[in-house]
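Below: the structure, in structure tokens.
Just so you know, all these numbers are worked out from the coordinates, no wet-lab data involved. Since the structure is predicted, the reported quantities are computational estimates derived from the model, not experimental observations. Positions of Cβ are backbone-derived with ideal geometry, glycine not excepted, and every protein chain shown enters the neighbour counts.
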Amino acid sequence: MTELIEKLCKTGDLSDNELKMLIADTAVQTAELLAKRADEVRRKYYGNKVFLRGLIEISSYCKNDCLYCGIRRSCKSAERYRLDRQQILDCADIGYKLGLRTFVMQGGEDAFFTDDYMCGIISELRQRYPDCAITLSLGERSAESYRKMKEAGADRYLLRHETASQELYSKIHPAEMRLDNRIKCLYNLKETGFQTGSGFMVGVPFQTADDIIKDIRFLQELQPHMIGIGPFIPHKDTPFRNEKGGTLSLTLRLLGILRLMFPKVLLPATTALGTISPVGRELGLKTGCNVIMPNISPEDARKKYNLYDNKLISGGETAEGISLLKAEIEAAGYEIADERGDCVK
Ligand code: 5AD
């Protein structure tokens, strides 16, 4: 496997078959070499910096019914809430004082958050924090909506494609959701000038190695600025309650491969990765990740925004949370950056 990793490192690409071999290889030496090379590449462009993004979960209402997700419309046990303008601004204020320089407003697809309402919040944040990046993660919206929010001052948008396989997409989403529309949204976001993030879940039910190859090929086409991947984790009140979750080792292999294929991408060690293993995020950082997204939602919201079971809810909301995170990052051999952390050119 050594030759494959070195080839990937040198050329930034592999054939489908080579990728499949690498993805399937559970040997410890493979994981170690991938991590070593991924870490070298990440250091080349980003040094030892880890960028923090303050995550504000603005709504647990969602009109969609994705089979894997704990806030899907038909999940009866999900407690619904939405933050109002003032609560969102208060979260950002706390985050700013904690040193965060990117705010991510994420939520289910909730019609309450109209373009006008969002633009009002975005322009207020833009004015208050000229040195911060504003990231949105609000799902599929019209090209017009993306344009308005960009003009109001938003910089980045996260929208995972979830899976680039038509067949798998239709097994994990209801019929009214379309992969083509999601892909259209991603290209619209890029055209609008957003730094755009996409990504997929690892180990979602029915996913095969071929599906993962499709995800990688799609990302190569899209060339996003940010790639978010994390293990699928079952949620007890969804149709996938009895399915197996994605593994730490496969997620790490994919993170290493993605770092080698996309040397400059912003790659988070996700909350899901931290949820399946106490050392998940640390291993992620050591395998090419350079972003962590501490949660700065109010405590009550954090408890209700349950995409999957046992979500890690500790983290960034307090000075103590941030200093623990800082210790974790430093123990892994990195340091927290005190800047917006845009994608390098
Ligand atoms: N396990 C892991 N990740 C999930 N997401 C949604 N449900 C789950 C789950 N059960 C991810 C999706 C979505 C992101 C916000 O959270 O990929 O894009």
Would you be so kind as to identify which of Ile276, Thr30, Leu125 lies farthest towards the positive end of the dipole of region 2-337, taking Lys and Arg as +1 and Asp and Glu as -1 on Cβ and the Cα centre as origin?
Leu125
What number, rounded to the nearest 500 deg cm²/dmol, is the helix-based mean residue ellipticity at 222 nm of the chain, given -39500 (n - 2.57) per DSSP H run of at least four residues and division by all its residues?
-13500 deg cm²/dmol
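Would you mind telling me the antiparallel percentage of the DSSP bridges in the chain, rounded to 5?
Counting only bridges with both partners in the chain, antiparallel ones make up about 5 percent.
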Sequence neighbours fewer than 8 away in the same chain don't count; with that in mind, list the lysines whose C-alpha is under 19 Å from Lys36.
Lys7, Lys10, Lys44, Lys49, Lys264, Lys286
Gained length - Gln166 relative to Ala24, 0.36 nm times residue gap less alpha-carbon distance:
48.9 nm
On a 29 Å Cα-Cα criterion, which of the cross-link pairs Lys20/Lys76; Lys150/Lys171; Lys148/Lys184; Lys76/Lys244; Lys148/Lys345 come out too long?
Lys20/Lys76; Lys150/Lys171
For region 85-196, compute the orientation-averaged projected area of the C-alpha convex hull (one quarter of its surface), in nm².
7.3
Once the dipole of region 2-337 is set up with Lys and Arg at +1 and Asp and Glu at -1 on Cβ about the Cα centre, which of Asn188, Ile227, Cys9 lies farthest towards its positive end?
Cys9
What percent of all Cα-Cα pairs in region 207-335 falls in each 10 Å bin, counting up from 0?
12, 39, 36, 13, 0
In the chain, which cysteines lack any other cysteine Cβ under 4.7 Å from their own?
Cys9, Cys62, Cys75, Cys91, Cys119, Cys132, Cys185, Cys289, Cys343
Might you report the magnitude of the Cβ-based charge dipole of the chain about its Cα centre, with Lys and Arg at +1 and Asp and Glu at -1, to the nearest 20 debye?
140
Identify which of Ala24, Ala143, Ala269 has the largest mean-square fluctuation in a Gaussian network model of the chain, with springs joining Cα atoms closer than 10 Å.
Ala24
